[in-house]
Structure formats: C-alpha cells, structure tokens
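Notes to accompany the following structure.
Just so you know, all these numbers are worked out from the coordinates, no wet-lab data involved. For clarity, every value in this text was computed on a predicted model and none was experimentally measured. Every residue, glycine as well, gets a Cβ built from its backbone with ideal geometry; the counts of neighbours run over all protein chains shown.
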Amino acid sequence: MNANLIVMKQKLIFLVLPLVLLLLVVTGCRKRTAELADNYVVFESAAQGITAAESAITVRLELSRAAETDLPVTISLAELDLAYGVDYTTTPAAVSGSVTVTVPAGANEAGFEVNKVSGVLFDGDEKLTFDINQPSERVSVGVTRRFTLTFAELIAARPALTINGGGVQYSNKVFIDLSANRQTIVNRNNWDLGFYTGADQSRVILNSSTAMMARQLSKNDLNLVTAADTLGFSTEVAFNQFAPVTTSLPYMDYPNGDVNRTAIAAVSDVASDNKVYIVNRGLAPGNPAPARGWKKIRVLKNATGGYTLQYADIAATGFSTIDIAREDAYFFKYISFDNGAVVVEPAKKKWDLAWTYFSNVTNFGAGEVPYLFQDIILLNRNVSIAKVMTATKAYADFTAADADVQTYMTAQNAIAADWRSGGGPGVSPSVRTDRYYIVKDGDNNYYKLRFTALTQNGERGYPAFEAMWLKKG
C-alpha cells in the first residue's frame, strides 16, 4: 500500500471517530432522558387546618400532567394526640397506617377525606402528617410530598397554590381562602342564579361564568309567556361583540359586582311589580361550548322574608317553584334550574379570591360591550386589594408597615385580568411580573400576593400564586 493511501485512511479515521463518539454521547443522553420520570405527584398544599365548625376536610393530590392510566398513590399517615377510628377516620379507609388514592386515567388530581368522629372534643394541638410514597416508576414524588393537618384554625403564613381551573376549557370556578391555604372547586355549569342574603336588599345575580343574560318582559304571569315573546332575543340577549354597543349591556350583571346593577331588578314587596324575565343560560364548558338553553323566570318575596322562584321552559304551560331562605353565613344562596338548591361559594369568611371564566365588558372604541374573558380574578364582597408596582417597591421589600399607606379597592373586578398580559396574534399571554397585590381579607389579615404562573406544562387553566402574611389589622 502506498504512503499516500495510508495517510488518507488515517485522516478519515480521525474525522469519523469524533462523529461516532458524539453519536454515542447523544444516544446515551437520549436514553437517560427517556428513563427520567415524566410526571410528578404532590399535595395541593403543605398544610391546612380543620376548624371546630368543620366535620370533614378534603386533602387533594395533583399530578403535573394527566395520568396515562389509573394511578394508585399510597399515603402514609402519622398521628399526634389522635387515634384512628376514635378521633377521626378517612375516606377511603386507612389500612395499616396508609391511605390509597387512585388518580383516574386522564385526570390530574384526586383526593381523600379526613372526617372527625362525631362528639369528640379537640384541644387544638392535634395533628396528622401525611407522606406520599413513591407511586410507580413512571411518576415521581414532587417537592410538596408532606401534608400536615392541624385540628384547629390555621392562619397560613405563606399560602401558595396551583389553581385547578379545569384546563383549557376553564370548566371550574375556584374559590381561594388565603388564610386556610385552600381552594374550593366548583364546576361552573352547576348553577344558574344566586340570591342575595343581606337583609338590606333583595337581589338576584346570574351565573357570570357561563355568559348568562336576562331580559325583562312587561308580563307578570309565567303561563302567559310564549315563544312569541322572545322574537329577536337570540342575538340581543347574548354575548355579541358585533351588536350595537348598547344592545346587550343592560341584560348582563355589571362586572364590578354592584348588586344595584344586575340584569334582574330588585325584588319588590308588591308581587304584581315583579315581572317575568327571559333568561339565556349561556354556554357550558366544552369545545365547541354547548348552549345551556333558555328559561322564563319570575322572582317573588315569600312570607318568611326569603325568595320564591318560579321557572319553566319558554313554551311550557306550567312552572316549577322553589323557595330560597336567607342565610347570614353566606353572601348568596344558589339554585340550579336542573337540580334545585346547590352549594356554590363557601361561607363569607371562607374565601377571599375567585378564579373564573367571566362575563366582563370591554371597549372597542365606541363604548362598553359584553365580552367573555379567561383567567379573571374576582374579590369576595368583604375583601379589598391594593396594587403595588415593583418599580415603586420590590415584592421582597414590602412590609406590614407599607400596607397601611396603600389605596384599597373593593370592586369585585378590581384585579380581573390586570395580573396577566392579554397576548395577541402570535403572542402568548403571560403573567405580569411588574406588579403584585396587597389583600385584606374578611378577618383583617393582610397578605402580599403575586402570581407565578399562567399555565402548567403549557396548558391554560392552571395558574399559580404565592403569598405572604403581613399582619392582622
């Protein structure tokens, strides 16, 4: 073999060898990456309290993405001054000091209940500690692997949650209690009307998370109302940004939460003054979102000081009736046309903020029009908030003393979509990091709060926040 050929072969080996080594390294990296767990399971929060007034509490697990198959998760428990079956039980039942919860295929959460045994008195220092065991090779345990339940009121010092809005269809309305570090999840299709419980007024609100609207007729007998009374309503009593500016606005509840600006007028003591309304129930969660249909309703005051609701399908010749009592522990009591009385929002002091799909307004230049918004944050009626820009004071530097010099707002939509950028063509929405909020709750606890995520694994409907307790006013 001549010398030139030998040199060429040597050069070829030196050129090819690095490529082979690189291929081996890349292949090895891919293999190791594939072997890493692609899903994580955590507790929804690290700690909660169960109050003296509560008989049970739900403890929730969350996955970072939906389970591919049914996923059993075993949780071990440890007791402090408590005995299973004597002081408390769990659903499902604990076996040998462990509770097993199954996350169904396609779901990203599951839960179990801790129930107090009836008649047992607690001192307030009793605790249960739960630890997630490794569920499978496909799913690992995340950071919040331990949950502590205290049998007393808990004022969370650092509440932080990933809100379970139900994903891209925004199927849930979620009520958040900062001091308890707890969220209450309600499917937004579960109710229709809310009845104000305050003694000063008699008002009815629509389900603002399903694009409901209502229009008053001149009649006050449900049986005299027919489909002929609804001509033209399909475009006027509906969310239609292309309609004339003033057409639909009077038929929605104004988004600031003022009960004097609802689509349904104040319920009168004089029965004949209470007219029939045609109600567009709006849209249920879905893609495409299915229409929830139409109803005719009339609301009266009853002999006990509460409300009487009459309701029926548009063409019906009779109607159903349900009585709604006022209950001071709540701001509103709710009914569903399908299921009667239903529980929606928690008691007055058991929630501060709500995340929801929402019937809002916007201005395209010629005045406000009804417009549906995603990722809206609402305030409870006993909560106020102040907005702080980081250019004024950094989140880390804000102290309890700073809380006293803020300007607070109480409108239901004081935050609304302000916490996120709206995005646009080719631009994804995102959390605004140049602002945070000071929240004063119904018990005069002050928190500073900032939003940390708009999505989970790229999916809308799972925002997150963190907060810090500042003081009690």
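Taking Cβ atoms as reference points and 9 Å as the exclusive limit, the residues near VAL168 contribute a net charge of 0, counting Lys and Arg as +1 and Asp and Glu as -1.
Other residues within the sphere of radius under 12 Å centred on the Cβ of ASP229, judged by their own Cβ, net out at +3 (K and R +1, D and E -1).
Separation of the alpha carbons by more than 29 angstrom is noted, of LYS295/LYS349; LYS219/LYS333; LYS275/LYS440; LYS173/LYS393, for LYS295/LYS349; LYS275/LYS440; LYS173/LYS393. Cross-link partners of LYS348 among aspartates and glutamates, defined as those whose alpha carbon lies under 20 angstrom from its own and excluding same-chain residues fewer than eight positions apart: GLU54, GLU153, ASP177, ASP192, ASP200, ASP258, GLU327, ASP328, ASP441, ASP443.
Tally Lys/Arg at +1 and Asp/Glu at -1 over every other residue whose Cβ is under 15 Å from the Cβ of LYS472; what's the total? Residues close to LYS472 contribute a combined charge of -1.
You can think of it this way: the chain between TYR40 and VAL342 has 105.3 nm of extra reach, that is 0.36 nm per residue less the Cα-Cα gap.
Overall, region 32-154 carries a charge dipole of about 300 debye about its Cα centre when +1 sits on the Cβ of Lys and Arg and -1 on the Cβ of Asp and Glu, all other atoms neutral. Could you calculate the FRET efficiency of THR69 with ARG158 from 1/(1 + (r/R0)^6), where r is the beta carbon distance between them and R0 is 35 Å, rounded to 0.05? Result of the calculation: an efficiency of 0.50. Think of it as helices only: each DSSP H run of n ≥ 4 in the chain is worth -39500 (n - 2.57), and spread over all residues that comes to -3000 deg cm²/dmol at 222 nm. Principal-axis analysis of the Cα atoms of the chain puts helix 3-35 at an angle of about 40° to the longest axis. Cβ-to-Cβ counts within 10 Å put THR455, THR321 in ascending order as THR321, THR455, the fewest first.
Cβ-Cβ distance of SER320 and THR51, R₀ of 25 Å, FRET efficiency by 1/(1 + (r/R0)^6): the value works out to about 0.10. Compute the length gained on full extension between VAL361 and LYS219: take 0.36 nm times their separation in residues and subtract their Cα-Cα distance, giving the result in nm to one decimal. Working it through step by step, the gained length comes to 48.2 nm.
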